[in-house]
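J.: I'd like to ask some things about the structure below.
The values are calculated or read from the model by the stated rules, or taken from the named source; none is laboratory data. Given the structure is predicted, the values throughout are model-derived calculations rather than measurements. Counting neighbours? That spans all protein chains shown, and the Cβs are built from the backbone with ideal geometry, glycine included.
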Amino acid sequence: MVRTVKTGLVIAVLAVAFSLQARLHAQDDMKQDGMKQDEMKHDKMQDDKMTHESMAKTLFTGKFHGKVHATSGRATVYQEADGKLVLRLTNFKTSNGPDVHVILVATKDAGDDANFLKNNTERVELGKLKGNEGDQNYEIPAGTDLAKFRTVSVYCERFNANFGAAPLEKF
């Protein structure tokens, strides 16, 4: 009788262990499937981005610089098939700040200490900064003269401070 009880306990323990192992394996499979779906979404976004960029013509590009507010990345102006102009920031990174905007300015370049908006330098507002890190797009208003507005500036309106600038050159 004791032997029968021991055998029954061993079988029960093995059944529980097998059941737990099957559940853990199923969870691992679900995690892997989730990761595969995330990878596929990422690949699709990359494909969409590449399709967009391949259909658009690159006009101007420049690298960001900034010392007081470390700013890096690339600014590129694309002309889409329908004629619209888009500014794309890639591998972009800058400091956080209040009331930060992306603007085009009618200068060759803008230094960190340049108070370029006080001396009546013309500018074209593209919008509030969408994020202090990552790729982002800004529509350039129709009729903007890119031969005149040659620098992209990440500009803090509240403190009249240039966080970073990217002088644009023809591509």
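J.: Among the residues of region 131-141, count how many are farther than 19 Å from G83 by Cβ and either out of contact with any Ser or Thr (no Cβ under 9 Å at 6 or more places or on another chain) or part of a loop (DSSP other than H, G, I, E, B) (or both).
T.: 4
J.: Filtering region 112-130 down to residues that are at pLDDT 95 or above and on the phi < 0 side of the Ramachandran plot, which residue is surrounded by the fewest Cβ atoms within 10 Å (Cβ to Cβ)?
T.: K128
J.: Determine whether region 26-42 contains at least one residue that is within 15 Å of the chain's Cα centre (by Cα) and modelled with pLDDT under 85.
T.: yes
J.: Let me ask something else. Have a look at T90, T58 and point out the one that is in a strand (DSSP E or B), modelled with pLDDT of 50 or more and under 18 Å from P141 (Cα atoms). Break it down into steps so the answer makes sense when it comes.
T.: Working: T90 fails: under 18 Å from P141 (Cα atoms).
Going through T90, T58 in turn, the sole match is T58.
J.: Quick check on T144: is it touching a residue at least 12 places away in the same chain (Cβ under 8 Å) and in a strand (DSSP E or B)?
T.: no
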